[in-house]
Amino acid sequence: MEISQKTLDTAIKVLTWIIFIGLCIEAGAILFNFVYSAFRPVAAHNLYKGLDLSGLLENDPGHYWAIGTLVFSVMALKAQVFIKVISTHQKMDANKPFSPEVAAGIRQISYYALWTGLLGLIAEGYLDRLTKLGLDVDAAGTFLDDSKAMILMAMVVFFIARIFQKGIELQTENDLTV
Amino acid sequence: MPIVVNLDVMMAKRKMSLNELADKVGLTLANLSILKTGKAKAVRFSTLEAICKALDCQPGDILEFLADKQ
């Protein structure tokens, strides 16, 4: 069964929107529950998908808020990557794909992915340190599992951005060839 | 740019408008304007051939090299 380019485009658009909305819901839920736990510490028992940091909140609130900030930041950055993908895809013209706006969008996707990965790695290291100190960080690490994958994605997208830049030069030259 | 396109000179000699030339050569008006105003980065031989046929001239009548002043 052959899939037309238009169908593929629509499918990609729908998929990225679904992922983006899912990430926003996750980030929003984590943020809300962390903030709510400041007023009702019982909320720390189930911050999101069973994440229980009530022990950490009791023993060391500083670390608790630091983890909350890091986890929320990583999730927010992931959502930012996907909204950039959506906005770049919207700017793309199939007849003249190599445009400065799309090139800038692709570069920004790589920067956001890189920052997401780096922040995730920092957060992972921080969680490891807390675990070695004997503090209970439950399954907070599961929200940061894909940091290395994000860095790999950032590098690949960066290479694509460079190729795209060359594509723009070639397209401009072609446009000015009569 | 060192290569100067003297299309308007030949067009005036042959009393041909840009529209007429575009029709004869098979280029759009926009592309021919790019050539005429010196914004073109490259010219295909096929285009040069068509222009020379339409204006009954040689490539040297349309293209001129002027060294950059230093």
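The values are calculated or read from the model by the stated rules, or taken from the named source; none is laboratory data. What you see is a predicted model; the values in this text were computed from it and never measured. All Cβ positions, glycine included, derive from the backbone under ideal geometry; neighbour counts span all protein chains shown.
Annotations
- Filtered residues of region A:9-31 (kept if free of Cβ contacts under 8 Å to residues at least 24 places away in the same chain and surrounded by 14 or more Cβ atoms within 10 Å (Cβ to Cβ)): A:G28, A:A29
- Scanning region A:33-45 for residues that are surrounded by 14 or more Cβ atoms within 10 Å (Cβ to Cβ) and either within 10 Å of A:F72 (Cβ to Cβ) or not aromatic (F, W, Y) (or both) yields A:N33, A:F34, A:S37, A:A38, A:P41, A:A43, A:A44, A:H45.
- A:F98 vs. criteria under 30 Å from B:L27 (Cα atoms) and not in a helix (DSSP H, G or I): yes
- Residues of region B:10-51 that turn out to be without any contact (Cβ under 8 Å) to a residue 40 or more places away in the chain, within 18 Å of B:L66 (Cβ to Cβ) and surrounded by 14 or more Cβ atoms within 10 Å (Cβ to Cβ), as a count: 4
- Test result for A:K6, in a helix (DSSP H, G or I), surrounded by 13 or more Cβ atoms within 10 Å (Cβ to Cβ) and charged (D, E, K, R): no
- Answer residue from region B:24-70, given it is of a type in the set (D, E) and more than 17 Å from B:D8 (Cβ to Cβ) and is farthest from the other protein chains (Cβ to nearest Cβ) among those: B:D68
- Single residue of A:K84, A:K91, A:K78 found to be of a type outside the set (A, V, I, L, M, F, W, C), surrounded by 20 or more Cβ atoms within 10 Å (Cβ to Cβ) and in contact with a Gly (Cβ under 7 Å, 6 or more places away or on another chain): A:K84
- Extreme residue, farthest from the chain's Cα centre (by Cα), among residues of region A:11-56 that are β-branched (V, I, T), at pLDDT 90 or above and over 20 Å from A:V137 (Cα atoms): A:V14
- Checking A:I106 against (1) away from chain B (no Cβ under 14 Å); (2) farther than 25 Å from A:K13 by Cβ; (3) part of a helix (DSSP H, G or I), the condition it does not meet: (2)
- Just one of (1) within 14 Å of another protein chain (Cβ to nearest Cβ); (2) among the hydrophobic types (A, V, I, L, M, F, W, C); (3) not in a helix (DSSP H, G or I) fails for A:I168. It is (3).
- Only one of A:A104, A:A113, A:A66 that is surrounded by fewer than 19 Cβ atoms within 10 Å (Cβ to Cβ), under 21 Å from A:F159 (Cβ atoms) and at pLDDT 90 or above: A:A104
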